[in-house]
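What follows draws every value from the coordinates through simple rules; no lab data is involved. This is a predicted model, so every value here is computed, not measured. Neighbour counts run over all protein chains shown; Cβ positions are idealised from the backbone, glycine included.
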Amino acid sequence: MIQTLKPLRGRRRNRPHIFTHAIVILGAVVMLYPLLWLIAASFKPGDEIFSTNILSLDSLLHPTWITSNYTDGWNGLDYPFLVFFLNSFIVCLGAVIGNLIACSMAAFAFARLNFKFKGLWFALMLGTIMLPTNAVIVPQYVLFKSLDWVNTFLPLIVPKFLATDAFFIFLMVQFIRAIPRDLDEAAILDGCNLWQRYTRIIMPLTMPALVTTAIFTFIWTYNEFFNQLIFLNDLSIATVPIALRAFQDSTSTSSFGPLFAMSVLALIPIFGFFIAFQRLLIEGISTSGLKG
């Protein structure tokens, strides 16, 4: 009797897993469908993109496929689209370096140093996370305009070196607090000063949090539109999101074909960056959450 019940129990246990897998697959199809539709639309003539219902399979399967949207989109503006990719990479590189240096130093100070009103400053720092961008964009624009920084990359890069991203500071603070203080005491006995403790002890041990900060900074900066639209007025220094928006202004009618084609190309750096550092990203998030 016991032997005959074992296979039945195994089958009953597998049923929830099959149901879960079906739900996950359905969710994946729902999330991937807009991307598949975008890729399919990038190979269609402009007048046929919206000729069929976007929720039907006919919008994905089309008898004629063209590649002229990619060539027209690449050379459709006053500058080749490579210029906008380079501008985005410059801004992203400066933002990543600034956040890694400034946020790690601020996190080290909050986690390891004792100074006056430390709790108050930490609470104010966390409060800036809830501050909407629209509330500070006007004072920022007036400040950068007085410094003659508007229409340059400086308003997008320099604030990163001043530890303005409180989320990453909080992430690193939680990670540094999990590092035993015995290591600091041992370093002090060996004659290490404050800077050496930061560079030789804390920085190497917080590598997962640093990688997580770098990945999120790159993705968020690359996809940012509002601040780049405000501070970058010249098309020669426009980033990828601004260039994509320019396709709707270049002619009297929107060029959806070239727009969708360049949107597909714009997704490649994000996917490549995420896939290349996926393991480190998951490790950094999981270890930060468990040790916090």
Filtering chymotrypsin sites (Phe, Trp or Tyr not before Pro) in segment 78-131 by DSSP loop and by at most 13 other Cβ atoms within 10 Å leaves Phe115, Phe117
Mean separation of Cα contacts under 8 Å, 6 or more apart, over the residue count of the chain: relative contact order %: 30
Would you compute, from DSSP H runs of 4+ residues alone, the mean residue ellipticity of the chain at 222 nm, taking -39500 (n - 2.57) per run and dividing by the full residue count, rounded to the nearest 500? -21500 deg cm²/dmol
Anyone know which of Phe19, Phe277, Phe231 comes out most mobile in the 10 Å Cα GNM of the chain? Phe19
Say we join alpha carbon atoms closer than 10 Å with springs in a Gaussian network model of the chain; which of Thr212, Thr152, Thr71 then has the biggest fluctuation? Thr71
Looking at segment 59-126, which trypsin sites (Lys or Arg not before Pro) are DSSP coil and have at most 10 other C-beta atoms within 10 Å of their C-beta? Lys116
Burial ordering of Ser263, Ser146, Ser42, fewest other beta-carbon atoms within 10 Å first: Ser146, Ser263, Ser42
Tell me, Ile157, Ile39 in order of fewest to most beta-carbon neighbours within 10 Å? Ile39, Ile157
Tell me which label goes with the value of Rg and Dmax of the Cα atoms in Å computed from the coordinates here: (1) 20.3, 72; (2) 25.0, 86; (3) 17.3, 51. (2)
Determine, for the chain, the count of lysine pairs separated by eight or more sequence positions (or lying on different chains) whose alpha-carbon distance falls under 29 Å. 6
